[in-house]
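> Below is the structure I would like to discuss, written out as structure tokens.
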Amino acid sequence: MRTFGSLLVRGLIVGLFAGLLAGTFAYVLGESRVDAAIAIEEAGSHAHTHDHGDNTEPAAAEEEEPLVSRDGQRAGLFLATSLYGVALGGLFAVAFTLLRRKLRTGNDAYAALGLAAAGFVGVVLVPFLKYPPNPPAVGDPDTITKRTVTYLLTLVIGLLAVWAGVALSRWAARYGEVARLAGGVVGLVVTVVAAYLILPRINEVPETFPATLLWQFRFASLGTQATLWLLLGFGYAVAVDRRPSRSKVAAA
Amino acid sequence: MAAPAQSVAVPALSPKLLAAALLSVGLMLLLAYLVGFDQGAVSRSGMYLHELMHDGRHLLGVPCH
């Protein structure tokens, strides 16, 4: 048995590495899209300064001398993904500790992988499909609070949907293997679709924003998060796995 | 110790474990908040950290300006 401290530290370390590598993915595949979007944003803000109303002067002043340069932000990308990775790794370790006994597998590595898959669906895929991430130049600053709240809601709903899928699949298991799988799909999909219908529709993509760039950015964002969760899952699986050979040696 | 098929690597549930888990969740959420949403209120760095992590926020799918 491992102590909670040991499980937590493993999660933090795995999360740090997963975050660094997700940052590398984002740097290679995402930064050029962010740059392209910022170029559009700047071209737009110079042409339509009247859109900003009262904020024209402070905004213009900020553009003259940004608090952090573009190079600084490129480096800050790694800081952001690393810290986010550490936070996710810690939360993952707590979830693993508290939920491990509920997961019906004798294999800790499989348990970690299953938990990561569930986390990816709930925390990444469900929010992504309802509110796809947007590059700079897309999004009305006045609705940031609404968008933040709805984003966090989809995240919680995503986790609830995964739970509903697992619960229904376990209940349906008494009717056979097909029922077990169908129950999981129904529990997940019904919860997600219901939530999507209730949550407000938000589309703030300007008519003139290039569709190709938008989706290149969104796939880069999805890839960044997929990298993070994939490495978190496999990394934690390796970190908690105990090779059978070692216990056999100890027993002998 | 021979590992039985159902052996699990986690400690048994106890009030102490739950307290530690809760504290960890709080700290991790604070850290995630710092990356995703803080605009200086927690970091006490004005907008500096917020701007520094701008690209990361966008690419991690967090809504941003």
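> Just tell me how shielded B:9-18 is by partners: mean number of partner chain Cβ atoms within 10 Å of each residue's Cβ, no decimals.
5
> Modelled label-to-label distance, residue A:180 and residue A:241, 7 Å Cα→beta-carbon offset: nm?
So the label points at residue A:180 and residue A:241 sit 2.3 nm apart.
> Continuing with the same structure: In terms of the Cα gyration tensor, with a ≥ b ≥ c the square roots of its eigenvalues, is chain A rounded because a/c is under 1.5, prolate because a/b exceeds b/c, or oblate?
Since a/c reaches 1.5 but b/c is at least a/b, the shape of chain A is classed as oblate.
> While we're looking at this one, here's another question. Can you give the calculated 222 nm mean residue ellipticity of chain B, where each DSSP H run of n ≥ 4 adds -39,500 (n - 2.57) and the sum is split over every residue, rounded to the nearest 500 deg cm²/dmol?
-15500 deg cm²/dmol
> If you take the charge dipole of chain A about its Cα centre, with +1 on Lys and Arg Cβ and -1 on Asp and Glu Cβ, which of A:208, A:81, A:103 is farthest toward its positive end?
A:103
> In addition: So how do A:241, B:38, A:142 rank on accessible area, 1.4 Å probe, biggest first, that is with the largest at the start? Don't skip to the answer; put the middle values down first.
Details: A:241 65, B:38 5, A:142 135 Å².
Sorted descending by solvent-accessible area, the residues read A:142, A:241, B:38.
> So how much accessible surface do B and A hide from each other in total, probe 1.4 Å, in square angstrom to the nearest 100?
4100 Å²
> Hey, another quick one. Mind checking the dipole of segment A:142-204: about its Cα centre, +1 per Lys or Arg Cβ, -1 per Asp or Glu Cβ, Debye to the nearest 20?
For segment A:142-204, the charge dipole is close to 160 debye.
> Taking Cα pairs under 8 Å and at least six residues apart, what relative contact order does segment A:142-204 come out at, in percent?
So the answer I get is 33 percent.
> Also, I was wondering about something else. Angle, helix A:31-47 long axis vs. longest principal axis of chain A, Cα atoms, 0 to 90°, nearest 10?
So the helix axis and the longest Cα principal axis differ by about 30 degrees.
> Taking only DSSP H segments of four or more residues, each worth -39500 (n - 2.57), what value at 222 nm results for chain A once the sum is divided by all its residues, to the nearest 500 deg cm²/dmol?
Details: 10 runs with 188 residues, N = 252.
Counting only the DSSP helices, I get -25500 deg cm²/dmol.
> For A:33, A:104, A:147, give the ranking by accessible area with the largest first, probe 1.4 Å.
So, going from the largest accessible area down, we get A:104, A:33, A:147.
> Residue farthest toward the positive end of the dipole of the protein assembly as shown, with Cβ of Lys/Arg at +1 and Asp/Glu at -1: which of A:69, B:32, A:188?
A:188
> Next question. Could you work out how far helix B:15-36 tilts from the main Cα principal axis of chain B, as a 0 to 90 degree angle to the nearest 10?
It is inclined by approximately 20 degrees.
> Using the heavy atoms of the protein chains alone and a 1.4 angstrom probe, what is the accessible area of the protein assembly as shown per residue in square angstrom?
Per-residue accessible area for the protein assembly as shown comes out at 53 Å².
> Under the definition of partner shielding as Cβ atoms of other protein chains within 10 Å of a residue Cβ, what is the mean value for peptide A:78-89? Can you show the working numbers first?
On the way: counts 3, 5, 14, 7, 2, 8, 10, 2, 4, 10, 4, 1.
Per residue, the number of nearby Cβ atoms from other chains is 6 on average.
> Which residue, A:190, A:34, A:238, has the most motion in a Gaussian network model of chain A that connects Cα atoms within less than 10 Å?
Maximum fluctuation in the GNM of chain A, among the listed residues, is at A:190.
> Compute the long axis of helix A:144-172 from its Cα atoms, compare it with the longest principal axis of the Cα atoms of chain A, and write down the angle in degrees, 0 to 90, nearest 10.
On a 0 to 90 degree scale, this one is about 20.
> Another question, if that's okay. What shape does segment A:142-204 have by the C-alpha gyration tensor, where a ≥ b ≥ c are the square roots of the eigenvalues, rounded means a/c under 1.5, and otherwise prolate means a/b greater than b/c and oblate the rest?
Verdict is prolate for segment A:142-204.
> Comparing A:15, A:89, A:44, which has the greatest mean-square fluctuation in the GNM of chain A with Cα pairs linked when under 10 Å apart?
A:44
> Tell me the label-point distance for the pair residue A:28, residue A:201, using the 7 Å Cα-to-Cβ offset, in nm and rounded to one decimal.
3.8 nm
> Counting only protein heavy atoms and a 1.4 Å probe, tell me what percentage of chain A's accessible area is made up of carbon and sulfur.
Heavy-atom surface of chain A belonging to carbon and sulfur, 1.4 Å probe: 66 percent.
The values are calculated or read from the model by the stated rules, or taken from the named source; none is laboratory data. Nothing here was measured: the structure is a model prediction, and the numbers come from that model. FYI the Cβ positions are ideal-geometry reconstructions off the backbone, even for glycines, and counts take in every protein chain you see. Side chains are part of the model used for accessible areas, which takes the heavy atoms of the whole protein and leaves out ligands, DNA and RNA. Shrake-Rupley method; radii C 1.70, N 1.55, O 1.52, S 1.80 Å.
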